[in-house]
Amino acid sequence: MSNVEETLVPRTASVKQVIETIERSQAKVALVVDENRRLLGTVTDGDVRRGLLRGVQITDTVAAIMNEKPRVATTSEDSAQILDMMRRNICRQVPVLDADGRVVALKTLEEALRVPDRPNWAFLLAGGRGQRLKPLTDDCPKPMLPVGGRPMLQIIVESLIRQGFRRFYISVNYKREMVREHFGDGSLWGAEIRYIEEDEATPLGTAGALSLLPEMPNEPMIVMNGDILTKVGFGALLDFHTEHASVGTMCVRDYILQVPYGVVEVDDHRLSEILEKPAHRFLVNAGVYVLERAAIELVPHGQAYDMPTLFEEIARRKLAATVFPIREYWLDIGRIDDFNKANDDYIREFRDLDVAKALR
């Protein structure tokens, strides 16, 4: 069983401390216990993100986000019984308690079942011209610009492969031959790569290329812009999407707008309050999505169509559209400054890909 000690946090722990515990532990969960090690609740990655969406601050205590009624097992149950319970309740981690409710172990689904490669397709958008990155993109499509010595699209593909994804569609347009020549059929990476070719004269936007899929996916599909670098857990994203029975899930990022002046609040003609340099928090589209077949079928065939429009249509039809906050590293490489930052960040954020390449 997993090392349960690395998952334990006291009831006084802050959300920040819980996040650090989740990221440090192999089981990706925090178990909240009292002074006698009795279980008070659990916190998963999804609990943290839902709390952040509600406005919970990282300085708040764990009580603001923990699940007070988690699924648990007892020491009297054998592995087969625990595994059956995990399957029925779609649990990836289950605390094992003694007769007094004290945590004695932690059972993970990965320990019980060797997780196979994910059947989900990933659809990567790599057809943009990258006008704001000129002159770098005069002779190279934006997703093929080198970051840390390799094309940023390769970093995306390798990051997904490390998380169990082996099946890719790449939509290409501008200088498409450079993408095709580099990746081929994907066999060099132990993957399967197919291409969706847009008409060079008619760019299809961030969603339109989905209408050119030769067949509809049977599993939720990851869709991602080819100019984004992120350390998001795609497995956690899929779990979140499935847990909420979503038709479409949009990843979002915090964007803080700092007003550089004192803002005056007025009641009729009387001054009521002065807010000194207030900060306004927004959630912005992060360019990473999960789509069900029902969402993809809404995209009009062969027409320019963007993701925000698709999600508006999903919501208009009263289908489930959810948002998933990315708190990990994320960078949209849209300008020269972003490109330079990506190269500065590469060693710190993506060094593990170099290790994987050396071992392949």
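Bear in mind that the values in this text are calculations on the coordinates, not laboratory data. None of these values were measured; they are calculated from a predicted model. Glycine gets a Cβ as well: all are built from the backbone with ideal geometry, and neighbour counts include every protein chain shown.
Rounded to whole Hz and in sequence order, give me ³J(HN,Hα) for the range 283-289 from the Karplus expression 6.51 cos²θ - 1.76 cosθ + 1.60, θ = phi - 60°, writing x for Gly and Pro.
Per-residue couplings from phi come out as 9, 10, 4, 9, x, 10, 9 Hz.
Please name whichever of Ala295, Ile222, Leu133 sits farthest to the positive end of the charge dipole of the chain, dipole taken about the Cα centre and charges placed at Cβ: Lys and Arg +1, Asp and Glu -1.
Checked the options; the winner is Ile222.
If R0 is 30 Å, what FRET efficiency do you get for Thr202 and Cys140 from their C-beta distance, rounded to 0.05?
Working: r = 22 Å, r/R0 = 0.73.
My answer for the efficiency is 0.85.
Using only Cα atoms, what is the ratio of the radius of gyration of the range 161-278 to 2.2 N^0.38 Å? Intermediate results must be reported in sequence, preceding the final value.
Values: Rg = 22.1 Å, N = 118, 2.2 N^0.38 = 13.5 Å.
Ratio of Rg to 2.2 N^0.38 Å for the range 161-278: 1.64.
Which ³J(HN,Hα) values, rounded to whole Hz and listed in residue order, are derived for the range 207-216 from phi using the Karplus coefficients 6.51, -1.76 and 1.60 in 6.51 cos²θ - 1.76 cosθ + 1.60 with θ = phi - 60°, glycine and proline given as x?
10, x, 5, 4, 6, 8, 4, x, 7, 7
If I fit a long axis through the Cα atoms of helix 307-316 and take the longest principal axis of the Cα atoms of the chain, what angle between them do I get, 0 to 90°, rounded to 10?
Computed tilt is about 60 degrees.
Stretch Val56-Asp239 to full length: gain in nm at 0.36 nm per residue minus the Cα-Cα span? Intermediate results must be reported in sequence, preceding the final value.
On the way: separation 183, 0.36 × 183 = 65.88 nm, distance 2.14 nm.
Working it through step by step, the gained length comes to 63.7 nm.
Quick one: putting +1 on the C-beta of Lys and Arg, -1 on the C-beta of Asp and Glu, what dipole do you get for the chain around its Cα centre, in Debye to the nearest 20? Working shown, then result.
On the way: 46 positive and 54 negative charges, 58 e Å.
Here the size comes out at about 280 debye.
How much length is gained on full extension from Glu20 to Asn3, taking 0.36 nm per residue of separation minus their Cα-Cα distance?
Working: separation 17, 0.36 × 17 = 6.12 nm, distance 1.57 nm.
Between Glu20 and Asn3, full extension yields 4.5 nm more.
Would you kindly state how much longer the chain becomes between Leu283 and Arg11 on full extension, computed as 0.36 nm times their sequence separation minus their alpha carbon distance, in nm to one decimal?
Working: separation 272, 0.36 × 272 = 97.92 nm, distance 2.94 nm.
Here the answer is 95.0 nm.
Taking the Cα atoms only, what angle lies between the long axis of helix 152-162 and the longest principal axis of the chain, rounded to 10 degrees?
Approximately 30 degrees, to the nearest 10.
Computed over the Cα atoms, what is the radius of gyration of the chain divided by 2.2 N^0.38 Å, N being its residue count? Intermediate values should be presented prior to the final figure.
Details: Rg = 22.9 Å, N = 360, 2.2 N^0.38 = 20.6 Å.
Working it through for the chain, the quotient is 1.11.
Report, by chain and number, residues whose modeled amide H sits under 5 Å from the one on Arg194, excluding near sequence neighbours (fewer than 5 apart, same chain).
Long-range HN contacts for Arg194: Phe168, Tyr169, Ile170.
May I ask which residue of Val94, Met66, Asn343 lies farthest towards the positive end of the charge dipole of the chain, with charges of +1 (Lys, Arg) and -1 (Asp, Glu) on Cβ and the Cα centre as origin?
Val94
Between beta-carbons, use under 14 Å as the cut-off and find the net charge around Glu177, counting Lys and Arg +1, Asp and Glu -1. List each step's numbers first, then the result.
Values: positive: Lys175, Arg176, Arg180; negative: Asp139, Glu181, Glu197, Glu198, Glu200.
Counting the neighbours of Glu177, the net charge comes to -2.
May I ask what percent, to the nearest 5, of DSSP beta bridges between residues of the chain are antiparallel? Can you show the working numbers first?
Details: 38 of 65 bridges.
Percent antiparallel among DSSP bridges in the chain is about 60.
Can you give the helix-only mean residue ellipticity at 222 nm for the chain, where every DSSP H stretch with n ≥ 4 adds -39500 (n - 2.57) and the sum goes over all residues, rounded to the nearest 500 deg cm²/dmol?
On the way: 10 runs with 101 residues, N = 360.
Calculated from helices alone, the mean residue ellipticity at 222 nm is -8500 deg cm²/dmol.
By how many degrees, 0 to 90 and rounded to 10, does the Cα axis of helix 15-24 deviate from the longest principal axis of the chain?
Compared with the principal axis, the helix lies near 80 degrees.
In whole Å, how far is the Cα centre of the range 56-104 from that of the range 223-291?
31 Å
Relative contact order of the chain, please, whole-number percent, based on alpha carbon pairs below 8 angstrom and at least 6 residues apart.
Numbers: 642 pairs, mean separation 51.8, N = 360.
Value for the chain: 14 percent.
When the Karplus curve 6.51 cos²θ - 1.76 cosθ + 1.60 is applied with θ = phi - 60°, which whole-Hz ³J(HN,Hα) does each residue of the range 322-338 get, with x for Gly and Pro?
With coefficients 6.51, -1.76 and 1.60, one gets 10, 10, 10, x, 8, 10, 7, 4, 7, 8, 8, 8, x, 10, 4, 4, 5 Hz.
Summing Lys, Arg as +1 and Asp, Glu as -1, what charge do residues with Cβ under 14 Å from the Cβ of Val103 carry, Val103 excluded?
Details: positive: Arg11, Arg37, Arg38, Arg71, Arg102, Lys107; negative: Glu5, Glu6, Asp34, Glu35, Asp98, Asp100.
Once positives and negatives cancel, what remains is 0.
Which of Leu298, Leu31 comes first, and how do the rest follow, when ranked by fewest Cβ neighbours within 10 Å?
Lowest count first: Leu298, Leu31.
Which of the residue pairs Lys175/Lys231; Lys28/Lys341; Lys134/Lys231; Lys28/Lys107; Lys16/Lys277 have a Cα-Cα distance greater than 19 Å in the structure shown?
Numbers: Lys175/Lys231 27 Å; Lys28/Lys341 29 Å; Lys134/Lys231 27 Å; Lys28/Lys107 12 Å; Lys16/Lys277 26 Å.
Violating the 19 Å limit, Cα to Cα: Lys175/Lys231; Lys28/Lys341; Lys134/Lys231; Lys16/Lys277.
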